[in-house]
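Structure record follows, encoded as structure tokens.
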Amino acid sequence: PLPSGRTAYRHLYDYEYEIKDLARRNPGLVRAFTLPETTWEGRDVVGIEIATDVRNLADGKAVNVTMGVHHAREWPAGEHAMEWAHELVKGYKADPRIRALVAKTRNIVIPIVNPDGFNVSREAEPRGDFTRFDYEMKRKNCNVADSPENMRTGTCAANPGGRLRGTDPNRNYAGFWGGAGASTTWSSDTFRGSGPFSEPETRNIRSLVSTRQVTNLITLHTYSNLVLRVPGVADVRPPLDEPAYKALGDLMASRNGYVSQPSWQLYDTTGSTEDWSYFATGGWGFTFEVGPNEFHPPFQDGVVAEYAGLAPAAGAGRGGNRAAFLDMLANAADP
Ligand code: 0X9
Ligand code: ZN
């Protein structure tokens, strides 16, 4: 099982319940919150904040953000974010290193940025001419605004266009929006949306990053065992602090056994999360591509090892993503 005890992938209601439950049980340390905008299907996007004296938002401390599931089918991304929240709460009581981190910084975790899409994927059933797999492999959100008239009715999960419809949240940020590596076709899996921040899911993250002092951001995806940094498109000059940026990426990769590289080396993208957040705010931003070869492998095969560094995954003996998060935050957030 994962460190929290989980033995199967969480459902959307598991995330919502655990976040509220952690906050209720740890009132001085943990705060649950809802981001400002509901999704296309009316869902709340929920987050959890963990800090000493968590309700004192004016303490002037740096904020670390960990996010999962911009992409619906990338279930381990949500698991790793939620496990990290549990580790911070548990470690505050038992682990000096985590206690110091939680005392010095504020830590925000949003396990499911795209709850509409995740719910379609996680609860997939065959419908009409579409197989279970069509829904399970959904990637995008549930926007219908740019879809043809015949896709505009019904919920995302019930509509035959459930997989096709929607905007890719990781092509919708303002970072180089309109450039290479994103599609203008509504049914494409990398559809960029009608404009930068046309989606409630990306506006929610923009609001968070713009209203809090976010110095470190990790956005979790699957898969390929990568630690990716800006820029996401080959045509852009690396930032002036590329040597420090690379050092942080390499440090994390030494823990989880991933490859550390600028994201454009994988392929061009525009409108991705940290290509907005880094160039807009100067705060570090990384994409982790968790796991070797599947969007959501059978739970026991890889998810646990990639988080906790247990054999036989890439992080064997090195501490996995748990150790990667800690190393980055100890080095980058410590004044
Ligand atoms: O394409 C994406 O959004 C990310 N990969 S995924 O398989 N999770 O969809 C990668 C984004 C990283 N940025 C670049 N490659 N430029
Ligand atoms: Zn992804």
Quiz prompt | Evaluation of Leu266 against (1) within 9 Å of ligand 1 (Cβ to nearest atom); (2) surrounded by 23 or more Cβ atoms within 10 Å (Cβ to Cβ); (3) more than 16 Å from Asn64 (Cβ to Cβ) (one fails), failing number | solution = (2)
Self-check item: Residue list for segment 91-141, filter: surrounded by fewer than 16 Cβ atoms within 10 Å (Cβ to Cβ) and within 22 Å of the chain's Cα centre (by Cα)
Solution: Glu123
Practice problem: Kindly check whether there is at least one residue in segment 287-308 that is at pLDDT below 95 and more than 30 Å from Asp134 (Cβ to Cβ). | Solution: yes
Self-check item: Pick from segment 60-104, criterion small (Gly, Ala, Ser) and part of a helix (DSSP H, G or I), ranking: nearest to ligand 1 (Cβ to nearest atom)
Solution: Ala77
Practice problem: State which residue pairs qualify: first residue in contact (Cβ under 8 Å) with a residue 40 or more places away in the chain and of a type in the set (Lys, Arg) and inside segment 249-272, second residue outside any helix (DSSP H, G or I) and more than 6 Å from ligand 1 (Cβ to nearest atom) in any location, beta carbons under 8 Å apart, and separation of 6 or more residues or different chains. | Solution: Arg255/Gly309; Arg255/Gly315; Arg255/Arg318; Arg255/Gly319
Quiz item: Tally time: how many residues in segment 309-327 are modelled with pLDDT of 85 or more, on the phi < 0 side of the Ramachandran plot and touching a Phe, Trp or Tyr at 6+ places or on another chain (Cβ under 8 Å)?
Solution: 4
Quiz item: Among the residues of segment 251-263 satisfying the criterion of being more than 12 Å from ligand 1 (Cβ to nearest atom) and hydroxyl-bearing (Ser, Thr, Tyr), which is surrounded by the most Cβ atoms within 10 Å (Cβ to Cβ)?
Solution: Tyr258
Quiz item: So Trp186 clears everything in (1) within 16 Å of ligand 1 (Cβ to nearest atom); (2) over 26 Å from Ala324 (Cβ atoms); (3) crowded, with 21+ Cβ neighbours inside 10 Å except one condition, right? Which one?
Solution: (1)
Exercise. Name the residue, out of Arg24, Arg55, that is modelled with pLDDT of 95 or more, part of a helix (DSSP H, G or I) and of a type in the set (Lys, Arg).
Key: Arg24
Quiz item: Given the structure, is Trp40 among the aromatic types (Phe, Trp, Tyr), away from ligand 2 (no atom under 16 Å from the Cβ) and buried (at least 16 other Cβ atoms within 10 Å of the Cβ)?
Solution: yes
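Within segment 47-71, which residues are among the aliphatic types (A, V, I, L, M) and more than 16 Å from ligand 2 (Cβ to nearest atom)?
So the first thing to find is which residues in segment 47-71 are among the aliphatic types (A, V, I, L, M), and the list is 48, 50-51, 54, 57-58, 62-63, 65, 67, 69.
Hits for segment 47-71 are Ile48, Ile50, Ala51, Val54, Leu57, Ala58, Ala62, Val63, Val65.
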Quiz item: Could we say that Pro239 is farther than 29 Å from Glu136 by Cα and within 16 Å of ligand 1 (Cβ to nearest atom) here?
Solution: yes
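The values are calculated or read from the model by the stated rules, or taken from the named source; none is laboratory data. Nothing here was measured: the structure is a model prediction, and the numbers come from that model. When we count neighbours, we look across all protein chains shown, and the Cβ atoms used for this are built from the backbone with ideal geometry, even at glycine.
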